[in-house]
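Okay, structure first, notes after.
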Amino acid sequence: MKAILTTIALVVISLQGISQTSWSLIWSDEFSGTTLNQDIWTYEYGNSGWGNNELQYYTNDEDNVAVNNGSLKITARQETFGTANYTSGRIITNNKYEFQYGKVECRMKMPIGQGIWPAFWMLGGNIENVSWPNCGEIDIMEHVNNEPMMHGTVHWYNNGHSYEGSSYSTDVTDYHIYGIIWDDTKIQFFVDGNFYNEFVYSNGNNSGSVFQNPYFFLLNVAVGGNWPGYPDGTTIFPATMEVDYIRVFQQLEVGVSETQNNEFSIYPSPFASQLNVTSTEINSGRTYEVLNTLGEKIASGNLVGHTTSINTSDWSTGVYFVRVLDKESVIQTLRTIKSE
């Protein structure tokens, strides 16, 4: 079953071309472990050309797909594998995670070189039923060869394959945040919060319903193909794409607000497996309760002494509000974030 995950955080952003909006983090992969999370991702395999006459054989070998030191690394290598002369990695969230509408951010850096084609993109979750390009495609970031720019593009079916896109000048070998804001009327493209392109659905381009369905993610580094051409003597291998994180946000109502005074504080913030509530006075008869951004109570207890420790090891990553109460009266509400 395809999963649509629940709200786990709140952030506020201000982007060029977009009014200030509150966004709630509904899903992320921070690539903070030591292996690829296969509850989220599926490896794809083979050297079929992938519809673009590409040369690589996709594998699940750690030389091609690895998670370490806080990032995902997908590496294209010049080596023989079966009938292919190159290997690489391609992973997807199809049938594991998909979503419809929101803000996507991916912090990543790319390899360059003739014939090297890294990408972060999305496909319609109905692809198995309607095929491509009828399912639609949203390319959040593609880069080819040695170009001093990246590309953001959409693809759909309109009496044949149709596409529309734009490019943004940047040094892809450095880390940047590539993203989109996607709703039921348009897709807007950003790099590091800078707006550079907008695609509006209309009857004129017959694209609306194509982009009004759930989509899933793909990450890969292709070698060769119809667009970039093929490696030559200048191409440097191995060629590695590094992904720091992928985050998905949606606009949701927040059911809690923060209040301030000097009596209570919380640390650390952000927190991980433990949260401490401290007071300038000895607590007696006071209690606490912890709420998520929807105002739902997820924990409660008594405050003891100057410091009360709360075990948070099984909480989801995200924003929480700690309320301090004296009998039934709220004394203070504090906002904090669980980071991992």
- Task: Output the direction-averaged projected area (hull surface divided by four) of the convex hull of the alpha-carbon atoms of segment 131-257, in nm².
- Result: 10.3
- Message: Taking only the Cα atoms of segment 16-127, how large is their convex hull per residue, in Å³?
- Response: 159
- Note on the structure: Kirkwood Rh over alpha-carbon pairs of segment 9-250 plugged into Stokes-Einstein at 10 °C, 1.306 mPa s gives a D in µm²/s of 87
- SER162 to THR185: FRET efficiency via 1/(1 + (r/R0)^6), r the Cβ-Cβ distance, R0 22 Å, to the nearest 0.05? 0.80
- How much length is gained on full extension from ASP244 to SER316, taking 0.36 nm per residue of separation minus their Cα-Cα distance? 24.0 nm
- Helical mean residue ellipticity (222 nm; -39500 (n - 2.57) per DSSP H run of 4+; nearest 500) of the chain: 0 deg cm²/dmol
- For segment 264-338, compute Rh as the Kirkwood radius over C-alpha pairs and then the Stokes-Einstein diffusion coefficient at 4 °C and 1.567 mPa s; write the answer in µm²/s, rounded to an integer. 106
- Which GluC sites (Glu not before Pro) does segment 258-331 hold that lie in a coil by DSSP with at most 13 other beta carbons within 10 Å? GLU258, GLU263, GLU296, GLU328
- Message: So for the chain, averaging the separation of alpha carbon pairs under 8 Å that are six or more residues apart and normalising by length, what relative contact order in percent results?
- Response: 19
- For ASN126 and HIS306, compute 0.36 nm times the residue count separating them, minus their Cα-Cα distance, and round to one decimal in nm. 59.3 nm
- Query: Which percent, nearest 5, of DSSP beta bridges in the chain are antiparallel?
  - Reply: 95
- If each Cα of segment 294-340 is one equal point scatterer, what is log10 of I(q)/I(0) from the Debye formula at q = 0.15, 0.19, 0.20, 0.24 Å⁻¹? -0.44, -0.71, -0.79, -1.11
- Fewest first, what order do ASP183, ASP139 take by the number of other Cβ atoms within 10 Å? ASP183, ASP139
- Task: Treating cross-link reach as a plain straight distance, find the lysines whose alpha-carbon is under 20 Å from the alpha-carbon of LYS96, omitting any fewer than eight places away in the same chain.
- Result: LYS2
- Item | Modelled FRET efficiency - R0 41 Å, THR287 with ASN69, Cβ distances, 0.05 increments | 0.45
- Query: Packing-wise, with mean Cβ within 10 Å as the measure, how do 147-158, 233-244 rank, highest first?
  - Reply: 147-158, 233-244
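Throughout, read-outs are computed from the coordinates displayed, never taken from laboratory work. What you are looking at is a predicted structure, and each value in this text was computed from that prediction instead of being measured. Every residue, glycine among them, receives a Cβ derived from its backbone with ideal geometry; neighbour counts consider all protein chains shown.
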